[in-house]
Amino acid sequence: MLRKATRLEKIPPYLFMELRNKINKAKAAGVDVISLAIGDPVEPTPGPIIEELCRAAHDPANHRYPTDEEKGMAALRREVCRWYAGRYAAQVNPETECLILIGSKEGGHHFALAMVNPGDTVLVTDPGYPGYRPSIWLAGAEPYPVPMTAENGFLPDLRKIPADVARKAKAFYLNYPNNPTGAVATPEFLAQLVAFAREHSIAICYDNPYIDIVFDGARPLSILSIAGAKDVAVELNSFSKPFNMCGWRLGMAMGNPTAIAAMAQVKSNTDSGVFNAVQYAGIAALKLCAPEVEEMLRVYGRRRRLVADTLNSIGWKCAPPKGTFYLWLPTPDGRNSADFAAQLFERAHIVVAPGSAYGKFGEGYIRLSLTITDDRLEQAMDRLRKTFG
Ligand code: PLP
């Protein structure tokens, strides 16, 4: 009999696969399910990006392995660095500090393989994006949860990390604008984080795929705009969320040149890079589609107001977060998050992500995503009014 490798034993089933299975099963049984569970924009990718993909797909030069340049297409790396300098005041060297990825999820995984050793301790926020812990385990290391609480604006309190843990930690995974809580970081917090990482020689994996999705005067913030960050940090970013390109699988890692070279070494021994036509499409996104990003912000802004108004009108206190397209809501009367999510599904046929899936400190919350059409979101809000109003 075959047995899978023991390194997989700690890894739970991937949350969103489970949620997708649940949704598909209910749909197959004829239930009109509305999913507010997954962050996957429904609007199409902007036209200029699709046109560039089609043009490049017709060019036979792009049908060959995209491996001429180990870190990804030089023209795309240059465009990424121009975007970072112009939009976030962050200087990145396209030759040594930028690596093109098959989405930022891939980057988080390669970061662990590139930067931590078996048995190492890796700090990870709790609640945190469910992709981090499996990557840490697969690298043979052990995650150490750093709590994020509402009292602290869902920013980790670095002073509360025990001294012996800080001393032995090799890396720290975190992301702002934050999935799942919607919190945004401040430059002051990032400066403290960089100082903490420099003091303890900790490699920071700063995952920033929601950098542009901010509201109420919050400004897009890259850790690479903070002095000294490149000594310790890699920032991951992605085309998935701002350009409605989740299915295209295109992202980038930028920052500390040693870490970028190590990630490129892992990557070049794992896959053969991103289809060149998709990389050309990425250049078109950065050059031509900033206005479409602004338009999506208006759309999400409208939807988060609709949800907040609806919930407040039925007595479920809700303050929309400053970043991301998620709402992180305390369950009514502090109910158990999985039970409450199950109740929403049974009574209103609405699927949400239970907070406990993001870690121990996610208990007592649910996460709701705004990546659904306006019509369906309105129907979901009607169902909430009828069920809980
Ligand atoms: N990191 C965070 C915090 C995310 O929320 C997501 C997707 O939801 C990802 C990474 C994965 O993004 P990508 O599509 O770029 O792999």
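The values are calculated or read from the model by the stated rules, or taken from the named source; none is laboratory data. This is a predicted model, so every value here is computed, not measured. When we count neighbours, we look across all protein chains shown, and the Cβ atoms used for this are built from the backbone with ideal geometry, even at glycine. Calculation scope for accessible area: heavy atoms of the full protein, side chains included, ligands and nucleic acids excluded. Shrake-Rupley method; radii C 1.70, N 1.55, O 1.52, S 1.80 Å.
Miscellaneous remarks
- Residue list for the stretch 44-79, filter: over 14 Å from GLY273 (Cβ atoms) and not in a helix (DSSP H, G or I): PRO44, THR45, PRO46, HIS58, ASP59
- Among the residues listed as GLU106, GLU79, the single one being touching a helix residue (DSSP H, G or I) at 6+ places or on another chain (Cβ under 6 Å) and open to solvent by 10 Å² or more (accessible area, probe 1.4 Å): GLU79
- For the stretch 351-376, a residue qualifies if it is under 22 Å from LYS317 (Cβ atoms) and either polar (S, T, N, Q) or open to solvent by 10 Å² or more (accessible area, probe 1.4 Å) (or both), and the qualifying residues are PRO354, SER356, PHE361, GLU363, GLY364, TYR365, SER369.
- GLY217 fulfils the conditions (1) modelled with pLDDT of 95 or more; (2) closer than 26 Å to PRO330 by Cα; (3) open to solvent by 40 Å² or more (accessible area, probe 1.4 Å); (4) not basic (Lys, Arg) except for a single criterion, (1).
- A residue that is under 17 Å from the mean Cα position of the chain (by Cα), away from the ligand (no atom under 16 Å from the Cβ) and surrounded by fewer than 23 Cβ atoms within 10 Å (Cβ to Cβ) cannot be found anywhere in the stretch 287-296.
Residues checked against (1) under 30 Å from TYR280 (Cβ atoms); (2) loosely packed, with under 10 Cβ neighbours inside 10 Å:
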position: ARG7; (1), (2): no, no
position: ASN24; (1), (2): no, no
position: ALA28; (1), (2): no, yes
position: SER35; (1), (2): no, no
position: GLY39; (1), (2): yes, no
position: ILE50; (1), (2): yes, no
position: ARG55; (1), (2): yes, no
position: HIS63; (1), (2): yes, no
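- The stretch 74-99, residues that are within 14 Å of the ligand (Cβ to nearest atom) and closer than 26 Å to ILE136 by Cα: LEU99
- Residues located in the stretch 251-293, provided they are under 28 Å from ALA197 (Cα atoms) and part of a loop (DSSP other than H, G, I, E, B): ASN256
- Looking across the stretch 317-335, the residues that are surrounded by 15 or more Cβ atoms within 10 Å (Cβ to Cβ) and closer than 24 Å to ALA218 by Cβ come down to CYS318, PRO320, PRO321, LYS322, GLY323, THR324, PHE325, TYR326, LEU327, TRP328, LEU329, PRO330.
- Test: residue in the stretch 161-169 that is open to solvent by 10 Å² or more (accessible area, probe 1.4 Å), assigned to a loop (DSSP other than H, G, I, E, B), within 16 Å of the ligand (Cβ to nearest atom) and not polar (S, T, N, Q): no
Rundown of residues vs (1) at pLDDT below 95; (2) assigned by TED's automatic domain parsing to the domain that holds GLY39; (3) β-branched (Val, Ile, Thr), yes/no style:
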{"residue": "LEU327", "(1), (2), (3)": "no, yes, no"}
{"residue": "ARG335", "(1), (2), (3)": "yes, yes, no"}
{"residue": "ARG347", "(1), (2), (3)": "yes, yes, no"}
{"residue": "GLY355", "(1), (2), (3)": "no, yes, no"}
{"residue": "ILE366", "(1), (2), (3)": "no, yes, yes"}
{"residue": "SER369", "(1), (2), (3)": "no, yes, no"}
{"residue": "ALA380", "(1), (2), (3)": "no, yes, no"}
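- Extreme residue, farthest from the ligand (Cβ to nearest atom), among residues of the stretch 100-118 that are among the aliphatic types (A, V, I, L, M) and outside any helix (DSSP H, G or I): VAL116
- Just one of the listed residues (TYR206, TYR144, TYR173) is outside any loop (DSSP other than H, G, I, E, B), aromatic (Phe, Trp, Tyr) and touching an Asp or Glu at 6+ places or on another chain (Cβ under 6 Å), namely TYR206.
- A Cβ distance below 8 Å, combined with a sequence gap of six or more or placement on separate chains, defines the contacts here; from the stretch 237-266, residues that are open to solvent by 10 Å² or more (accessible area, probe 1.4 Å) reach residues that are away from the ligand (no atom under 16 Å from the Cβ) and assigned to a strand (DSSP E or B) in the pairs ASN256/ALA203.
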